[in-house]
Amino acid sequence: MPTPSPRQPQDLMQLLTRAERLAARRLQTVLDEDGCSLDAWRVLALLSDGAGHSMTAIAEAVFLPPASLTRLVDHLVDQNLLYRRVDPYDRRRILAHLTPRGRTYWRRLDREVRARWPVLSDGDDELLRSLLGQLADTLGAAGERSTI
């Protein structure tokens, strides 16, 4: 019986990178039809919950540095897709929200993306989501321990 090869982080990184790039490419082809960038889609997706989010929370969720996020949000405000308001509980913070036009735009994008997104077999989608969540949590915890 052959001995399993030792775990190779580069193998996992190769698979993760390939999957992420293929997924981003497929998603961008759908978004291009509506003139939306992948980063804008991520912001709109986050704000679609209707809760309003701080710029710091948005930057962390969509993996953008603050200056890039500010430029993107300014652009989305100019397009009347979102607006900023002072947080009623902490007047030092600004919260971003979708406008009615932004909600309509998001719903249309979401429908188009869902219609053209490949579906994994029954249960595989949840399994993948679970495994990727575990990996992210494990890597995050390992990163926190190494900085202490």
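Each value in this text was obtained by applying a stated rule to the coordinates, not by laboratory testing. Owing to the predicted nature of the structure, the values given are computational and were not obtained by experimental measurement. Neighbour counts are summed over all protein chains in view; Cβ atoms, including those assigned to glycine, are modelled from backbone coordinates with ideal geometry.
Okay, here's what the table says:
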| read-out | value |
| --- | --- |
| P(r) tail fraction, region 1-73 - alpha-carbon pairs more than 19 Å apart, % | 54 percent |
| Sparse-neighbourhood loop sites, GluC sites (Glu not before Pro) in region 1-85 - DSSP loop, at most 14 other Cβ within 10 angstrom | GLU33 |
| Summed side-chain charge close to ARG71 - residues other than ARG71 whose Cβ falls under 11 Å, Lys, Arg +1, Asp, Glu -1 | -3 |
| Entry for Rg/Rh (Cα atoms, Kirkwood Rh) (calculated from the structure that is shown) out of (i) 1.04; (ii) 0.94; (iii) 1.81 | (i) |
| For region 126-140, 3J(HN,Hα) per residue [Karplus equation, 6.51 cos²θ - 1.76 cosθ + 1.60, θ = phi - 60°, Hz, x = Gly/Pro] | 5, 4, 4, 4, 5, 5, 5, x, 4, 4, 4, 5, 5, 5, x |
| Calculated from backbone phi, Karplus (6.51, -1.76, 1.60) coupling profile of region 82-95 in Hz, x at Gly/Pro | 8, 9, 10, 9, 5, 5, x, 9, 8, 5, 7, 9, 10, 10 |
| Cα→Cβ-extended label distance, 7 Å offset, between MET55 and ALA19, nm | 3.4 nm |
| Förster radius 41 Å - calculated FRET efficiency between THR99 and ASP11, Cβ distance, rounded to 0.05 | 0.35 |
| ASP87 long-range amide H proximity, modeled H, under 5 Å | ARG93, ILE94, LEU95 |
| FRET E, pair LEU132, GLU112, Förster distance 22 Å, beta-carbon r, rounded to 0.05 | 0.40 |
| Separation in nanometres of the label points that stand 7 Å from Cα toward Cβ, at TYR83 and ASP122 | 4.7 nm |
